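**Student:** Mind looking over this structure? Questions follow.
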Amino acid sequence: MSLTTTDRDTGRPPWRDLPPPPRPKAARMGPADVVRVGGSGLRARPMRVFLSALGIAIGIAAMIGVVGISTSSTHDLNQRLAALGTNLLTVSPGESFDGGQAHLPTTSLAMIRDIPEVETVSALGKTSAKVYRNDHVPVAQSGGLRVTAARTDLLAAIGAELTDGTWLNAATSRYPAVVLGSHAAEQLGIHYAGPEVKVWLGDRWFTVVGLLAPNELLPDLDSNAMVGWAVAEEELGFDGYPTSVYTRVEESAVGDVQAKLGATANPEFPNEVDVSRPSDVLAAKEATDDTLSGLLLGLGGVSLLVGGVGVANTMVISVLERRSEIGLRRSLGATRGQIRTQFLAEALLLSALGGIGGVLLGIGVTIAYASYQGMSTVVPVWAMAGGIGATLVIGGLAGFYPALRAARLPPTEALATS
Amino acid sequence: MTASSHPVVDLAGVSKSYGDLTALRSADLVVHRGELLAVVGPSGSGKSTMLNIMGTLDRPTAGKVRIAGHDIDELRDRDLSALRAATIGFVFQQFHLARGVPALDSVADGLLYSGRGRAERRELAERALRRVGLGRRLYHEPHQLSGGEKQRVAIARAVLGDPPLLLADEPTGALDSRSGAVVMELLHELHEAGTTVVVITHDRDIAASLPREVRLKDGRIEYDSALGDAPAGELVAAEGGLR
Ligand SMILES: Nc1ncnc2c1ncn2[C@@H]1O[C@H](COP(=O)(O)OP(=O)(O)OP(=O)(O)O)[C@@H](O)[C@H]1O
Ligand SMILES: [Mg+2]
């Protein structure tokens with residue numbers, strides 16, 4: 001056994017002159033192994049994993065919920081607008097330059113009708129008459145209802161619908177007949193139309209011949225009691241000036257027509273004309289409250305941040321607790337990089353779990369809200385992808401420092417902890 | 001054995017200091033392929049320190065370390081990891097088995113960093129568990145195993161890739177004498193199958209039963225039976241007073 005010891009003659013054992021073996025090369029771990037090893041740490045502590053993932057999930061759910069609800073509302077509004085039509089324009093007199101109420105010229109309807117892209121034109125004219133349930137109601141209690149003169153083609157022009165009775169026609173518009181908007185009917189306690197149903201209008205009884213359905217696009221109509229143009233002029237002292245002109249135009253020309261409608265309606269004083277697009281007004285009114293959404297998004301962001309801190313905390317504790325596991329893995333041949341990858345993968349999995357849970361929760365919240373509102377649920381894919389992406393960034397940031405600490409731990413020190 | 005093969009362990013003047021404390025003092029030790037040796041010594045004498053250096057878990061403060069022909073000074077940390085993955089198996093006093101993980105998976109993790117596929121790792125793990133007599137405990141979790149069985153799982157994990165060098169730091173330290181004997185029996189079998197085995201032990205009988213014995217005291221190699229530096233009788237007499 002002379003070779004078990006130093007060659008005493010030369011002082012140099014013979015194997016020291018052998019060529020050194022090739023440098024050992026660390027093997028790469030496959031992605032499946034990376035995920036499995038990252039997940040192994042989570043599987044051992046399910047309760048802690050659940051709680052720290054919950055923090056992330058709440059943040060993501062809040063954000064997905066806000067985006068989902070606002071998207072669903074917008075989608076719903078767009079659908080309703082498409083059904084109502086976005087090609088309706090209204091023209092009404094503004095203020096004259098001396099501050100008084102301006103008039104639309106009586107010729108304005110004909111002028112507007114001459115625009116080639118205009119499909120239909122009709123009008124309402126405000127009267128000073130009042131409407132009451134009966135002749136005993138004191139004059140002061142008119143309940144904010146308006147009496148207007150309506151053209152017989154108004155119903156078709158604005159696309160309104162009747163819930164009962166008929167619209168004014170050439171005959172009924174000469175007689176004391178009235179069609180009530182939904183709010184007006186409710187105020188006056190009228191539930192159906194018919195020859196025996198009458199309201200006190202101006203200074204005499206008018207027969208209620210029709211009831212209008214609530215009009216989403218033109219909610220002002222709901223408070224109107226509409227009578228024929230002729231009877232208004234004869235019985236109610238109506239001056240014959242239209243106060244609202246409604247026109248449907250070709251869908252592709254809405255913008256162009258809207259721009260020149262004022263000048264067409266009142267060529268002398270185009271500035272005294274107000275032109276509006278009711279669908280825009282409706283869209284603006286129903287647009288989701290940006291301040292509230294912003295606030296909720298901010299809250300979601302804060303809870304996401306808190307969730308991220310929770311994940312970082314969990315990871316720091318995990319690394320402290322698992323020093324001997326780290327030591328063992330180093331002894332089995334794990335490189336520092338592989339230890340770092342393991343804990344980073346663990347943090348990413350943990351927050352991805354929270355992210356997926358949060359997306360599902362957010363979709364659930366959106367479905368609940370949408371079905372309560374009778375809307376269909378729309379959650380944009382970008383929001384879901386963004387939510388998951390955000391959690392991965394958070395997981396990466398939260399896991400970075402703990403993973404670095406785990407990797408830097410010297411193997412002997414790690415093994416010494418029991 | 002010829003000069004055409006590198007020894008598995010070649011320590012030359014290796015020292016390790018922690019601040020003022022010198023845990024290992026210019027140790028010279030050569031372990032050849034196929035040896036089975038015991039490292040003994042009182043607590044704090046530097047046994048674990050020396051084993052960790054042999055296992056490339058730590059670098060010495062001074063001296064030359066060659067493991068299977070590799071000069072440790074010339075290897076980066078990741079090369080040392082690769083060397084451990086391919087060349088060295090470790091067995092510790094604490095078994096280091098993860099809670100809730102079946103034996104088969106624990107053992108298969110022994111080759112996790114070797115670059116071999118999962119199916120092959122599990123196949124080798126099953127074979128290794130049969131080899132240590134635990135063919136019927138493949139899916140047992142640590143809490144369902146006795147101390148001796150846990151240590152056998154740990155041994156299976158250390159040797160499933162057939163590393164040329166097995167380092168065991170008091171593998172019987174946490175076991176009763178019967179389980180300890182089974183574990184030692186296993187190490188003998190591995191040695192007979194060609195593995196080089198270095199065992200740290202407190203047990204004088206175990207040490208005496210192995211082909212080679214290295215004694216440490218205060219960080220120095222005081223006796224190496226392969227060199228016959230000091231007569232065994234003298235040392236036994238000297239340590240007799242400590243009993
Ligand atoms: N990381 C460290 N930092 C400081 N001192 C250390 C460190 N590791 C070991 N030591 C010291 O080095 C000396 C040798 O320790 P080592 O663990 O090698 O002893 P040992 O022979 O294995 O003892 P035991 O039989 O108790 O395991 C001891 O005095 C110990 O306190
Ligand atoms: Mg020790």
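**Student:** Starting from the Cα of residue A:213, step 7 Å along the direction of its Cβ; do the same at residue A:381; then give the gap between the two resulting points in nm.
**Tutor:** 3.6 nm
**Student:** Cross-link partners among lysines for residue A:285, C-alpha distance below 30 Å, same-chain residues fewer than 8 apart left out?
**Tutor:** Within reach: A:126, A:130, A:260.
**Student:** Let me understand the range A:201-271 better: what is its radius of gyration from the alpha carbons, and its Dmax, in angstrom?
**Tutor:** 16.2, 46
**Student:** Sticking with this one: Which of the residue pairs A:25/B:150; A:25/B:16; B:16/B:64 have a Cα-Cα distance greater than 23 Å in the structure shown?
**Tutor:** On the way: A:25/B:150 31 Å; A:25/B:16 27 Å; B:16/B:64 11 Å.
Beyond 23 Å: A:25/B:150; A:25/B:16.
**Student:** Determine the calculated [θ] at 222 nm for chain A from helices alone, applying -39500 (n - 2.57) to every DSSP H run no shorter than 4 residues and normalising by the residue count; nearest 500 deg cm²/dmol.
**Tutor:** Taken over chain A, the calculation gives -17000 deg cm²/dmol.
**Student:** While we're here: Considering the Cα positions of chain A, please state its Rg to one decimal place and its Dmax as a whole number of Å.
**Tutor:** 38.4, 140
**Student:** Can you give the FRET efficiency for residue A:47 and residue A:360, using 1/(1 + (r/R0)^6), R0 = 25 Å, r = Cβ-Cβ distance, to the nearest 0.05?
**Tutor:** That pair, residue A:47 with residue A:360, gives E of 0.80.
**Student:** Residue by residue through B:86-97, how many Cβ atoms from other chains fall within 10 Å of the Cβ on average? Please report the intermediate quantities before stating the final value.
**Tutor:** On the way: counts 5, 3, 3, 2, 8, 1, 6, 1, 5, 1, 9, 1.
Rounded to a whole number, the mean comes out at 4.
**Student:** Next question, about the same structure. If you average 1/r across every pair of different Cα atoms in the range A:278-353 and take the reciprocal, what Kirkwood value do you get, in Å?
**Tutor:** It works out to 16.0 Å.
**Student:** Need one value: the accessible area of residue B:152 in square angstrom, 1.4 angstrom probe, rounded to the nearest 10.
**Tutor:** Ignoring ligands and nucleic acids, residue B:152 comes out at about 50 Å².
**Student:** For the range A:162-319, how big is Rg over Rh, using alpha carbon atoms and the Kirkwood form of Rh? Spell out each step's value before the answer.
**Tutor:** Details: Rg = 26.4 Å, Rh = 20.4 Å.
Ratio of gyration radius to Kirkwood radius for the range A:162-319: 1.30.
**Student:** Here's a follow-up. If you count only protein heavy atoms and use a 1.4 Å probe, how large is the accessible surface of residue B:203, to the nearest 10 Å²?
**Tutor:** Its accessible surface works out to 60 Å², give or take rounding.
**Student:** Please compute the average number of Cβ atoms from other chains found within 10 Å of each residue's Cβ in peptide A:13-25. Let's see the in-between values first.
**Tutor:** Numbers: counts 5, 3, 12, 9, 1, 5, 2, 7, 6, 2, 7, 14, 7.
Other-chain Cβ atoms within 10 Å of each residue's Cβ, averaged: 6.
**Student:** How big is the C-alpha Rg of the range B:84-172 next to the rule-of-thumb value 2.2 N^0.38 Å, as a ratio?
**Tutor:** Against the empirical 2.2 N^0.38 Å value, I get 0.96 for the range B:84-172.
**Student:** How large is the Kirkwood hydrodynamic radius of the range B:1-143, counting all unique pairs of alpha carbons, in Å?
**Tutor:** Details: mean 1/r = 0.0579 Å⁻¹.
Over the range B:1-143, the inverse of the mean reciprocal pair distance is 17.3 Å.
**Student:** Something else about it: Tell me, what is the Rg over Rh of the range A:4-126, with Rh the Kirkwood radius over Cα pairs? Kindly include the intermediate steps, with their values, before the conclusion.
**Tutor:** On the way: Rg = 41.6 Å, Rh = 25.4 Å.
Taking Rg over the Kirkwood Rh, I get 1.64.
**Student:** Where does the range A:279-418 land on the Kirkwood hydrodynamic radius, alpha-carbon pairs, in angstrom?
**Tutor:** Radius from the Kirkwood sum: 17.6 Å.
**Student:** Let me ask another. Show me the ranking of peptides A:358-366, B:141-149 by mean Cβ neighbours inside 10 Å, starting with the highest.
**Tutor:** Packing order, densest peptide first, comes out as A:358-366, B:141-149.
**Student:** Also: Once amide H atoms are placed 1.01 Å from N in the peptide plane, what residues at a sequence separation of 5 or more from residue A:163, or on another chain, have their amide H within under 5 Å of its amide H?
**Tutor:** A:211, A:212, A:213
The values are calculated or read from the model by the stated rules, or taken from the named source; none is laboratory data. The structure displayed is predicted, hence computed values, not measured ones. Methodologically, a virtual Cβ is constructed for each residue, glycine included, from the backbone with ideal geometry; neighbour enumeration extends over all protein chains shown. The area values use the complete protein model at the heavy-atom level, side chains included, leaving out ligands, DNA and RNA. Shrake-Rupley method; radii C 1.70, N 1.55, O 1.52, S 1.80 Å.
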